[in-house]
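Read the figures in this text as sums done on the coordinates, not as results from a lab. On a predicted model such as this, the values are computed, not experimentally measured, just so you know. With ideal geometry, Cβ positions are generated from the backbone for all residues, glycine too; neighbour counts draw on all protein chains shown.
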Amino acid sequence: MFKNEFKLRLKMRTMSTQHHDTIKVVIAGIPNSGKSTLVSRISGVFVRTANYPGTTVSVDEVSYSVGKTRVLMVDLPGTYSLRTSMTDEAVASKELLLGDYDGIVVVGSALNPEQSLYLLVQVLELGKPTIFVLNMMDLARRRRVHYNVEAMSKTLGVTIIPAVAVGDEGLRELKTTVVKIRELKTGITNIVNYGKLEKHISTIMNTLGVSRGIAVEILSGNPLLRVLSIKVSHVIEEARREVPNIDYYVTAARWSTVKSLVGKFVTREGKLTLSKYDELFLNPKYGVLLSLLLLFTIAEVIFMVLEPLVNLMSNALDSIPIGNFVSSYVGNELLSSFLINGVWNGVTTLIDFIPYVFGVSFLIAFLEDSGLITRIAFPIERWLRRTGIPSRGLVYLIAGSGCNIPAIMATRAMPSTRDRVLTVLMIPYIPCTARFAIIALIAAAVMPHLIGVVVVIPYVVAFISISIVSRISRVHVRFINENTPYTYELPPLVVPLHKAFTKKIWHYTHDFISRAGVLIIVFIMMTWLLSVSGPRGLVGPEALANPSVLTETWLGIVGKALAPLFNPIGIPWQISASLVYGYIFKEVVLGTLALFYGTEKGGLLYAIGSTLTPASSLALITFITLYSPCIATLIVERKIAGLRLTAINTILQFIIALILAYAVFYIASFIQVIT
């Protein structure tokens, strides 16, 4: 991800040096203001968006042309202030204070005038040409919040554009105004009166040749300006003798100005009250229960809605006579096997993944843009922290029950690096749909009368494992940064049926296919090679049809090597060998089991049912739930958590899976004996 981002930034900067009419604009805004949606709509380039704080966790650069002018937009992480303790938001503060650009576009939420204007007055002090975009005006009107835009524009000395990022309001005007940003006024830089500090601010401005905003931040002790602070340390010391707590004094002065501006130019009809839905979600008595029920409903939707689609696609793929087609044109048996069992199986596996990815992408995008994600996390914040689960991580854990890959990729929206890594390390412990397919088969084969109870076991095991790994992982990731406290701001509760929402779902789905699609096909072809070759060389396609010959292949050898670990809990080597396939992709485990046991004498269900006892089947279900995610999951996990933590987590998963499998086996055996 970082490599691609670097290439994008380098490309944009190279383009800017080649084009004489290039304007560089910084896009700043408070979290949940629709900033990235605005950038995406104007430029036509997808930028990650969501209806909760912390979506943009790195600097994104996009460019577009208006006539002969190229506009380079730098989309910063959302921030409430130029001084923040949150690591990711510090990126925005640093760029605003020290970056080189022609002007600033401040995106505010019309639903939150106080926070929006608080950021704006700080930006105005920097003395750069500024445009103020009041986004979400449609929702503000609906809630009867009104602005005197013309009067506020004259008072602040900046261009103010009312806008609706998900629609078309204000977008054309903004696009035209950005091109002329160099010609705009800098706004009223001294809109805030700092009283006793004014003389010290002027001294620093004259001494260092910096803007009023930089001078104020130096006095306030902004750590990003520590180098400059040393040069005027005597001024800072003198100011502190007059005003001991400068940071608090500056903040109070700014808020006083903001309240005055809101009182003059913003009117609200009626009092601000929680909606009837928020009263339910945030109720201290049953809000937690309602949130948990909602999460389980989401998980159920993933399975119930996607299953018919997956079955339809699988049946359609099975109806394609690929075997007859290949045999008609390819005479070589080995090449024919490669095309059918390697290439074709790889392509069909990828196609089978797409509905799950689309469904999970839809649910994640809906949670993000609807505003539900904050309402789910807030009531169970205290419980999550006690368990060790990051408060915003729970939604992604639930999303992982559909497919771990898009759930991990979606964690990039989490504002805290520490919590993001912790969540990524825990998601692979959640049984995905593919693992549930294997679990359901085992349950149907051994304990069909208890299948409803058995399929609950993976969730119980996953919860126990997550509780363990969250505490271990917190030790390993302590060096990233301290735990980040969240300030919960309720975003508007909406039904996000608009173009930006559709575009986001498409992007998430396309992103998975483009990133993991080739790897899926390549690794399945590699697995085919392991199935037709061994230490003595090429065994041939016969191994795929003859289980006894398959034992001579690399796959069979690995399975037998793992047998000593599983024999004590009643799991035969054929099953342990098939689990090796699970490290590639879980979907092919069932195919490998069919390969080992064949389809005669009652089929695969009969073979598994006659091989496993209830105790060994429960142990196997426990192991399959936890032992490892697929290779594609590990790849995306590595991109966010790093190679070292991913390797440690994968080994830890196997160990926990094995220990719990043994524990379940002996407990189940004991219960079976006494009953």
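Assorted remarks:
- Sequentially through the stretch 533-543, phi angles give Karplus couplings (6.51, -1.76, 1.60; θ = phi - 60°) of 9, x, x, 8, x, 6, 8, x, x, 4, 4 Hz, Gly and Pro residues having no value and appearing as x.
- Cα shape, the stretch 130-187, gyration tensor, a/c 1.5 rule: oblate
- Inter-part distance, the stretch 608-675 to the stretch 423-442, computed on C-alpha centroids, equals 10 Å.
- Stokes-Einstein diffusion of the stretch 195-268 at 20 °C, 1.002 mPa s viscosity, Kirkwood radius from Cα pairs, rounded to a whole number: 164 µm²/s.
- Residues whose placed amide H lies under 5 Å from that of residue 133, excluding near-sequence neighbours: 106, 107, 108, 161
- Peptide ranges 629-642, 559-572 listed from the most packed, as the mean C-beta count within 10 angstrom indicates: 629-642, 559-572
- The convex hull drawn around the Cα atoms of the stretch 105-236, when projected onto a plane and averaged over every direction, covers 9.2 nm².
- Of the residues 230, 253, 200, the one whose Cα sits farthest toward the positive end of the charge dipole of the stretch 195-268, with +1 on the Cβ of Lys and Arg and -1 on the Cβ of Asp and Glu, is 253.
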